[in-house]
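The values are calculated or read from the model by the stated rules, or taken from the named source; none is laboratory data. Computed from a predicted structure; not experimentally measured. Positions of Cβ are generated from backbone atoms using ideal geometry, with glycine treated the same way; all protein chains shown enter the neighbour counts. Heads up: the accessible areas ignore ligands, DNA and RNA and are worked out on the full protein's heavy atoms, side chains in. Shrake-Rupley method; radii C 1.70, N 1.55, O 1.52, S 1.80 Å.
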Amino acid sequence: MSTADKMEKRVQARALARALLLAGALSGLALAGPIGCGDDDDNPAGPVARGELSQGKVAYAAVVDGNFEVYVLPAGGAPTNLTRNEALDQRPVWSPDGSQLAFVSDRGGDLQIYRMDADGSGVVQLTDQAGSDAPVWSPDGSRIAFVADSDGGNIDLYVVDADGSGQQRLTTAAGVDQRPVWSPDGGQLAFVS
């Protein structure tokens, strides 16, 4: 992809994010939810991998200078790079109250789940399982479900407390368990296997 094409995709992604923010503000949306601003499964080097809307702000991962970083774009404002490092930082997900983001990074060598405050401060590694990915906050914000490579290709479901304690492996069957979704009361997880 040419530099001009990359720039055009960035402009389109920002315009989409701003349009979604405006639409959300006009319709009174209060819940966070995923925004499809690109297809990171088919094109991991695309300009925008995924976005999340919360309290009038979009958190998203974008490739800048060949490196994924986590950004926040407030309604009517300019994007802010929250991660600013050489590591791969992607898949930001807002906490239910919008005060924190969980995200995936390889800053420690392996993909792990991290948490940071909404302004990018207070970064904490939450997981210690190689290949951790796809964080999903529980409805009350106390736990995060995620997937990880347990046994060299066996992808299992895990949960960890939002402070990084209490990591538990939930599935052990051979194969791939993915796409966890919390029940409304946070007592159960549905997933694809």
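Could you please find all residues in the stretch 90-105 being crowded, with 18+ Cβ neighbours inside 10 Å and part of a loop (DSSP other than H, G, I, E, B)? Within the stretch 90-105, 95, 98 meet the criteria.
Selection within the stretch 165-183: residues that are of a type in the set (A, V, I, L, M) and not in a loop (DSSP other than H, G, I, E, B). The member of this set that is farthest from the chain's Cα centre (by Cα) is 176. Suppose the filter is within 17 Å of the chain's Cα centre (by Cα), open to solvent by less than 40 Å² (accessible area, probe 1.4 Å) and modelled with pLDDT under 95; does residue 133 pass it? Against the criterion (within 17 Å of the chain's Cα centre (by Cα), open to solvent by less than 40 Å² (accessible area, probe 1.4 Å) and modelled with pLDDT under 95), residue 133 qualifies. If you go through the stretch 56-72 and keep only what is within 13 Å of residue 104 (Cα to Cα) and charged (D, E, K, R), you end up with just 69.
Identify the residue in the stretch 60-79 that is more than 16 Å from the chain's Cα centre (by Cα) and in a strand (DSSP E or B) and, among all such residues, is nearest to residue 117 (Cα to Cα).
74
Name every residue in the stretch 36-59 that is open to solvent by 20 Å² or more (accessible area, probe 1.4 Å) and either in a strand (DSSP E or B) or modelled with pLDDT of 75 or more (or both), in order of residue number. Hits for the stretch 36-59 are 50, 53, 56, 57.
Applying a threshold of 6 Å to beta carbon distances and a minimum spacing of six or more residues, or different chains, the list of pairs starting in the stretch 76-91 at a residue that is over 20 Å from residue 56 (Cα atoms) and ending at one that is open to solvent by 50 Å² or more (accessible area, probe 1.4 Å) and part of a loop (DSSP other than H, G, I, E, B) reads 87/106; 87/107; 88/106. Kindly establish whether residue 87 is open to solvent by less than 20 Å² (accessible area, probe 1.4 Å), farther than 23 Å from residue 185 by Cβ and part of a loop (DSSP other than H, G, I, E, B). It is true that residue 87 is open to solvent by less than 20 Å² (accessible area, probe 1.4 Å), farther than 23 Å from residue 185 by Cβ and part of a loop (DSSP other than H, G, I, E, B). So is residue 108 in contact with a strand residue (DSSP E or B) (Cβ under 9 Å, 6 or more places away or on another chain) and open to solvent by less than 50 Å² (accessible area, probe 1.4 Å) or not? Answer is no for this residue.
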